[in-house]
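Report on the structure given below.
The values are calculated or read from the model by the stated rules, or taken from the named source; none is laboratory data. Remember, predicted model here, so these are calculated numbers, not experimental data. Don't worry about glycine lacking a Cβ; one is built from the backbone with ideal geometry, like all the others, and counts go over all protein chains shown. The protein model used for the area step is the full one, side chains on, heavy atoms only, and it has no ligands, DNA or RNA in it. Shrake-Rupley method; radii C 1.70, N 1.55, O 1.52, S 1.80 Å.
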Amino acid sequence: MGKSIALAAPTGRAAQRLGEMTGLEAKTIHRLLEFDPKTRSFKCDRTNPLPQSAIIVDEASMLDLFLAYSLVEAVADNAQLLLVGDIDQLPSVGAGNVLADLINSGKVPVVRLTQVFRQAATSKIITAAHQINRGQYPHIESISDTPQSDCLWHGGGFEPEHGVQAISELIADFIPGLGFHPATDVQVLCPMSRGLVGTRNLNNVLQQLINPPSPEKVEVTRGGTIFRVGDRVIQLTNDYQREVFNGDVGFISTIDTEEQEIIVQYQERDVTYDYADMNELALAWSVSIHKSQGSEYPVVILPLYTQHYMMLTRNLLYTGLTRAKKLAIIIGSQKAISMCVRSTKSQERYTRLQERLIQVASQ
């Protein structure tokens with residue numbers, strides 16, 4: 001159409017994925033709008049709009065009110081803004097329900113995509129995801145030595161201790177037996193960080209299992225966490241100097257104890273951290289479902305236990321399940337899955353955006 005295009009997403013990982021899929025440069029919205037850490041504001045705004053005539057933003061369900069306002073303000077009057085997202089996923093961490101409000105107002109042109117590309121069209125992951133969205137208990141095949149489905153359920157017992165054991169057994173035997181590599185193909189996604197089946201404990205368990213200590217692997221301890229060469233790590237904050245962003249995942253390639261530096265490989269790029277900056281990193285063998293938005297993985301393991309009852313919602317389960325490309329395994333009690341399917345409380349957000357759009361359009 002002869003338009004100049006800008007591609008962006010709320011998180012670094014989502015922007016990276018968007019760039020991979022399109023073959024064009026994609027940035028975080030903060031980078032696109034040129035966030036200035038000193039003034040805590042964006043250089044691109046109403047008086048200095050973006051130069052592109054078409055701005056495409058992926059994972060728009062993650063947009064909160066502040067970021068959405070800053071983005072729209074920076075779009076030139078003659079430019080187009082295309083928001084791509086899934087309102088059935090988790091809402092933004094910050095205030096607002098921007099994408100859902102825009103769609104539900106009926107005042108913005110909407111196109112709904114119905115063809116599945118991430119998984120095969122016959123995928124049981126997709127079937128289960130649609131059932132969850134409709135508030136139905138999903139049809140999931142019980143795990144066996146010869147699975148016939150790409151969406152499996154492992155009872156894992158009613159106690160979290162059994163869940164930890166089940167995850168360990170899957171990582172050690174079952175998943176490698178299907179031809180997947182635990183170090184690169186598998187992501188454990190948790191509702192919370194606390195508890196035995198939370199990200200903190202599972203990261204320690206999985207680190208011992210997937211990347212155990214050895215004389216050849218240098219390691220360093222920071223903040224009670226052991227970081228070892230070969231570990232998968234996640235960036236916890238937006239670091240504009242190093243150009244790594246919240247949610248970026250990489251592997252520790254080098255730990256230099258003399259220089260007190262570690263090098264993390266993100267895709268094809270090496271990023272160096274001083275020991276003093278290692279609070280920006282955490283182990284990523286297991287991450288929260290919230291952190292996984294905008295990402296996809298060959299294999300996803302979802303531990304769901306009633307001890308996480310505060311977080312068990314329909315869109316949490318839907319988001320976690322749909323991160324899987326080839327295989328999803330839910331571990332936990334049927335009661336916990338039912339709690340997810342029945343609960344829509346996290347979707348209740350009270351904003352005035354939908355009403356105001358309708359009012360403005362009718363004036």
> Highest GNM mean-square fluctuation, the chain, Cα pairs closer than 10 Å: which of Gly250, Gly230, Gly94?
Replying inline: Gly94
> Any idea how many Lys pairs in the chain come in under 30 angstrom at the alpha carbon, given 8 or more places apart or on separate chains?
Replying inline: 28
> For segment 257-363, what proportion of DSSP beta bridges, expressed in % and rounded to the nearest 5, is antiparallel?
Replying inline: 45 percent
> Given a 1.4 Å probe and every protein chain left where it sits, what share in percent of the accessible area of segment 254-317 is carbon and sulfur?
Replying inline: 41 percent
> By how many nm would the segment from Ser193 to Lys217 grow when fully extended, if each residue of separation counts as 0.36 nm and the alpha-carbon distance is taken off?
Replying inline: 6.0 nm
> Roughly how much of Lys3 is accessible, in Å² to the nearest 10, using a 1.4 Å probe?
Replying inline: 80 Å²
> Can you put Glu296, Glu159, Glu216 in order of accessible area, largest first, using a 1.4 Å probe?
Replying inline: Glu216, Glu159, Glu296
> Based only on the alpha carbon positions, what is the Kirkwood hydrodynamic radius of the chain, in angstrom?
Replying inline: 21.8 Å
>> Calculate the FRET efficiency for Ala95 and Tyr240 from the Cβ-Cβ distance with a Förster distance of 35 Å, rounded to the nearest 0.05.
In response: 0.90
> Per the 1.4 Å probe, what fraction of the accessible area of segment 1-85, in percent, lies on carbon and sulfur atoms?
Replying inline: 52 percent
> Can you give me the Cα centroid spacing of segment 308-363 and segment 132-160 in angstrom?
Replying inline: 19 Å
> PRE reach from Tyr275 (point 7 Å along Cα→Cβ): which of segment 192-223 fall under 12 Å by backbone N?
Replying inline: 219-223
>> Rounded to the nearest 5, what % of DSSP beta bridges with both residues in segment 1-129 are antiparallel?
In response: 15 percent
> How much accessible surface does Leu7 have with a 1.4 Å probe, in Å² rounded to 10?
Replying inline: 10 Å²
> How high is the relative contact order of segment 9-152, in percent, counting Cα pairs under 8 Å that sit 6 or more residues apart?
Replying inline: 16 percent
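Relative contact order for the chain: what is it in percent, counting Cα pairs under 8 Å that are at least 6 residues apart? Intermediate results must be reported in sequence, preceding the final value.
Numbers: 681 pairs, mean separation 65.4, N = 363.
Reported as a whole number, the value is 18 percent.
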>> Among Leu24, Leu202, Leu283, which one shows the highest mean-square fluctuation when the chain is modelled as a Gaussian network with alpha-carbon springs under 10 Å?
In response: Leu24
> Based on DSSP, what percent of beta bridges with both residues in the chain are antiparallel, to the nearest 5?
Replying inline: 45 percent
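Give me the number: length gained by fully extending Thr344 to Gln267, i.e. 0.36 nm times residue separation minus the C-alpha to C-alpha distance, one decimal in nm. Could you put the intermediate results ahead of the total?
On the way: separation 77, 0.36 × 77 = 27.72 nm, distance 3.62 nm.
Length difference between fully extended and current span is 24.1 nm.
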>> Give me the percent of accessible area attributable to carbon and sulfur for segment 139-222, probe 1.4 angstrom.
In response: 53 percent
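Could you compute the FRET efficiency for Ile5 and Thr47, with r as their C-beta to C-beta distance and R0 at 30 Å, rounded to 0.05? Provide the component values of the computation, followed by the final result.
Details: r = 23 Å, r/R0 = 0.76.
FRET efficiency, Ile5 to Thr47: 0.85.
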> What relative contact order, as a whole-number percentage, does segment 1-80 give when Cα pairs under 8 Å and 6 or more residues apart are counted?
Replying inline: 35 percent
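How many Å² of accessible area per residue for segment 132-260, probe 1.4 Å?
50 Å²
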> FRET efficiency for Asp256 and Ile358, Cβ-Cβ distance as r, R0 = 56 Å, nearest 0.05?
Replying inline: 0.45
> In what order, largest first, do Met62, Met21 sit by accessible area if the probe radius is 1.4 Å?
Replying inline: Met21, Met62
